[in-house]
Amino acid sequence: MDASPCPLDSEFHDQITALLASPSPQEVQEYYNELIQKEKWHSIKIEINKEHGKGVFSNRNFQEEELIFKDQMLVASQHSYNKVDCFVCSSCFRFIGSVELQIGRKLYLSGFSSKDECDHGSFSGDNAASSSSDFQNEDDLCTQENKNNAGKNSRRKSSLSKEVLELLMSGNMSLPHSKLFVLPSIVPCLGGCEEEHYCSKPCAEYDWESVHSLLCTGKGSDSLRQAAVVRFIEHANGTNDIFILAAKVISFTILRYRRLKQPGFEGSKKPILHISKNEYSLSLLLEAWKPVAMGFKRRWWDCIALPADVDSCEETSFRNSIRDLAFSSLQLLKEAIFNIECAPLFSLEIYGHIIGMFELNNLGLVVASPVEDYFIYVDDLPSPNKEETEKLTRPFLDELYDDYSVCCEGTAFFPLQSCMNHSCCPNAKAFKREEVATSILNYFIC
């Protein structure tokens, strides 16, 4: 493979080596012991061996369907192609708004997706201000959805009028029995951007403080290069949205680094008099990076599987093209949120290993849609209530077609789950339940 096109790889070689060095078994054990103690999941432990690396082990016997532990995600992201179908909290992925909003929004963005028709500023009614904020800048979503759904029979021009869908989204039209499927109200991004929405103030604050404040494009964000953030996101949506996850890891690390520098912050380090400022900054960066350091990593372009349509003689060219794609993404991210004190994070070597960590460890995130639950409920109603209800709901179900049951889909990195080894005959399963503040994965005995 050719030499790295990123000059930071050589400029910060020593710091990058330190960041990518495998933590010692003692460091790994201490980190996970502390994590387990904090979450009070004393029935499990993390053990390490030379043959299989890290593994999750039980300290006692469990009954079938018994909860083993819960795991809070480190970073996660909804797939860009899924954002038209599902309107969810950007932190915990709960569906938000209302059943009417979910249905109306999906049909509106699928059926009225041209630049002219994506003028969403005409809503009225009591809920219009909160509900329509998601539609003020949806042109990119419309374009992306059209690309991702090219050739799908389920996507077709809506026969329902634009006005009807706007009434549905604004809360001025209610569907029968929808009050049985109450969803959390929409909480806007703290920075005022139109890309992220939340189910609660705790979720909004958690995402802002841990990741989003550096990647926000709103007027209240810390980012001074909002246009650059937009360019980065557009590139990720058009190529591979795993880059957004990588950006979240870098943002997460920079924000942790800043907090560690604050005097009196729990976990902060006092400068040691006999070390240089650069050595002190590196020690802080290593501490901020620690949650990411625990994940097993390889360069993305080295560990990605060779596609079936790529001949083995073209493997080197393929892997070089993947690396170049990552570098293009990194350059856009660097323009947006570069921090000189955390410069090694913006090297291609680090970026490639972050994405490789996702390739090797990430878990697909699937959250069932309340829209599916709603239509199943309607279908199970007794006569004549069912027939009367379907007079109002059938036109919407017909328009949704197979898409009425589309789940929220994304990907996430969970610290404890990443330690679990694959089994073709598993004795545990992962399941996401709706949580109030943060996204947590539950593990049960099969």
Three-way shape label, the stretch 325-374, alpha-carbon gyration tensor, a/c 1.5: prolate
Considering only protein heavy atoms, what per residue accessible area in square angstrom results for the stretch 170-237 with a 1.4 angstrom probe? 48
Where Lys50, Lys106, Lys45 fall by accessible area, highest first, once all protein chains stay in place (1.4 Å): Lys50, Lys45, Lys106
Read phi for every residue in the stretch 79-87 and hand back ³J(HN,Hα) as whole Hz from Karplus 6.51 cos²θ - 1.76 cosθ + 1.60, θ = phi - 60°, with x for Gly and Pro. 4, 4, 5, 9, 6, 6, 6, 9, 9
Quick note, the stretch 286-422: a/c under 1.5 would make it rounded; otherwise a/b > b/c is prolate and the rest oblate (a ≥ b ≥ c, C-alpha gyration tensor); here it is prolate
Estimate the FRET efficiency between His52 and Glu341 by the formula 1/(1 + (r/R0)^6), using the beta-carbon distance for r and 30 Å for R0, to the nearest 0.05. 0.20
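How much length is gained if the chain between Asn61 and Glu314 is pulled fully straight, taking 0.36 nm per residue apart and subtracting their Cα-Cα distance, in nm to one decimal? Show your work: numbers first, answer last.
Working: separation 253, 0.36 × 253 = 91.08 nm, distance 5.06 nm.
That pair, Asn61 and Glu314, stretches by 86.0 nm at full extension.
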Å³ per residue of the Cα convex hull, for the stretch 174-248? 125
Could you give the length gained by full extension between Ser321 and Gln26, i.e. 0.36 nm per residue of separation minus their alpha carbon distance, to one decimal place? 102.4 nm
Please report, in whole Å, how far the alpha carbons of the stretch 1-109 spread along each principal axis, starting with the longest. 53, 53, 25
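What FRET efficiency comes out for Val182 versus Leu286 if R0 is 41 angstrom and r is the Cβ-Cβ distance? Round to the nearest 0.05. Numbers along the way, then the final one.
Numbers: r = 46 Å, r/R0 = 1.11.
E(calc), rounded to 0.05, equals 0.35.
For Val99, Val366, what's the largest-to-smallest order of accessible area, 1.4 Å probe? Please report the intermediate quantities before stating the final value.
Details: Val99 0, Val366 95 Å².
Largest accessible area first, the list is Val366, Val99.
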Would you tally the net charge around Ser43, using a Cβ to Cβ cut-off of less than 13 Å, leaving Ser43 out, and scoring K and R as +1, D and E as -1? +2
Glu27 accessible area, assembled protein chains, probe 1.4 Å, Å²: 100
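Can you tell me the FRET efficiency between Asn33 and Asn442 if r is taken as the Cβ-Cβ distance and R0 is 22 Å, rounded to the nearest 0.05? Walk me through the intermediate numbers first.
Numbers: r = 21 Å, r/R0 = 0.96.
Result of the calculation: an efficiency of 0.55.
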Extend 7 Å from the Cα of Arg259 along its Cα-to-C-beta direction; within the stretch 13-57, residues with backbone N under 19 Å of that point are 31-40
What does the accessible area per residue of the stretch 314-446 come to in Å², with a 1.4 Å probe and no ligands, DNA or RNA counted? 44
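Please get the size of the charge dipole for the stretch 299-446, origin at its Cα centre, with Cβ charges of +1 on Lys and Arg and -1 on Asp and Glu, quoted in debye to the nearest 20. Write down the numbers at each step before the final one.
Numbers: 10 positive and 24 negative charges, 139 e Å.
Once rounded to the nearest 20, the dipole reads 660 debye.
The values are calculated or read from the model by the stated rules, or taken from the named source; none is laboratory data. Nothing here was measured: the structure is a model prediction, and the numbers come from that model. Note: ideal-geometry Cβ built from the backbone for every residue, glycine included; neighbour counts use all protein chains shown. Only protein heavy atoms, including side chains, enter the accessible area calculation; ligands, DNA and RNA are left aside. Shrake-Rupley method; radii C 1.70, N 1.55, O 1.52, S 1.80 Å.
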